[in-house]
Amino acid sequence: MDNTERSRKILVVFFSYEDSTRTIAESIAEAVDAELLELVPRDSDNGAKIMNYVWENQSVTMDSEPELEDFDVDPDDYDLIFLGTPIWAMTFAPPFKTFFSRVQLEGKNIAFFYTHEGLRGVAVENLRKELIGNNIVGHADFYDPLNSDLEKIVLSAASWAREVLYLMRAVV
Ligand SMILES: Cc1cc2nc3c(=O)[nH]c(=O)nc-3n(C[C@H](O)[C@H](O)[C@H](O)COP(=O)(O)O)c2cc1C
């Protein structure tokens, strides 16, 4: 692979519990021809801090930094990385806590997106904190995709991703 080919690589990393974020992630990956990496928590009790995340009539038990199914990714292989998470308890979902501890992200072009049901809390602030040292080239907010006009949201996600890529190439 030559340098030109390398510099075109794009990755979309996502976690999704009920498929909203997955739907957006897949649309983005298709729009900009990116690879997809799904963060999959392992069913494990490793003694980490077990949390009970409650949302409306749902309750999910998960470590605050859950073990993930193995993945092998080198951020340096990518020119642009999209990160996508549902909002949980007013911030990004726990699998990204693990991802940020395991993967060294520095000096990368990063765009992040999140899906939620109206209470974004401090997700943007917390993601920005985790991503200090990187170049944030965009972020996008998708309100309750599966209970909205999904087709419209999926198209807007694809346009946003293409715009991020276009702008990044124009300035970087
Ligand atoms: C455990 C849990 C906690 C949640 N906490 C919030 C929250 O704090 N604010 C919010 O707007 N939505 C919250 N939600 C709703 C999800 O963010 C929303 O439905 C999202 O689109 C789900 O994405 P997914 O289908 O990819 O899992 C929560 C959902 C779950 C399951």
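Where a number appears in this text, it was derived from the coordinates with a stated rule and is not lab data. These figures come from a predicted structure and were not determined experimentally. Reconstructed Cβ throughout: ideal geometry from the backbone, glycine too, with neighbour counts over all protein chains shown.
Within the stretch 137-155, name every residue whose backbone N is under 17 Å away from a label modeled 7 Å from Cα of Tyr53 along the Cβ vector.
Hits in the stretch 137-155 for Tyr53 at 17 Å: 142-146.
Scan the stretch 19-94 for trypsin sites (Lys or Arg not before Pro) in coil per DSSP, keeping those whose Cβ has at most 15 other Cβ atoms within 10 Å, and list them by number.
Sparse-neighbourhood loop trypsin sites (Lys or Arg not before Pro): Arg42, Lys49.
Sequence gap of 8 or more, or different chains, plus Cα separation below 28 Å: how many lysine pairs satisfy both in the chain?
Number of lysine pairs found: 9.
Check which residues have an amide H placed less than 5 Å from Ile136's amide H, if you skip close sequence neighbours.
Amide H neighbours of Ile136: Ile110.
If neighbour count is taken as other Cβ atoms inside 10 Å, put Phe142, Phe14, Phe100, Phe82 in order from fewest to most.
Phe100, Phe142, Phe14, Phe82
Asp70 to Glu35: extension gain in nm, 0.36 nm per residue of separation minus the Cα-Cα distance?
Answer, rounded to one decimal: 11.0 nm.
Cβ neighbours within 10 Å, averaged per peptide: list 108-121, 60-73 in order, most packed at the top.
The packing order, highest mean first, is 108-121, 60-73.
Per the Kirkwood formula on distinct C-alpha pairs, the Rh of the chain is how many angstrom?
After inverting the mean inverse Cα-Cα distance, the result is 16.5 Å.
Return the FRET efficiency for the residue pair Arg8, Lys129: r is the Cβ-Cβ distance, R0 is 25 Å, and the value is rounded to the nearest 0.05.
0.30
What residues qualify as long-range amide H neighbours of Trp55, i.e. H under 5 Å apart, gap of 5 or more or another chain, H built at 1.01 Å from N?
Val60
Suppose only helical runs count, i.e. DSSP H with n ≥ 4. What mean residue ellipticity at 222 nm does that imply for the chain under -39500 (n - 2.57) per run, divided by all residues and rounded to the nearest 500 deg cm²/dmol?
After summing the helix terms and dividing by residue count, I get -10000 deg cm²/dmol.
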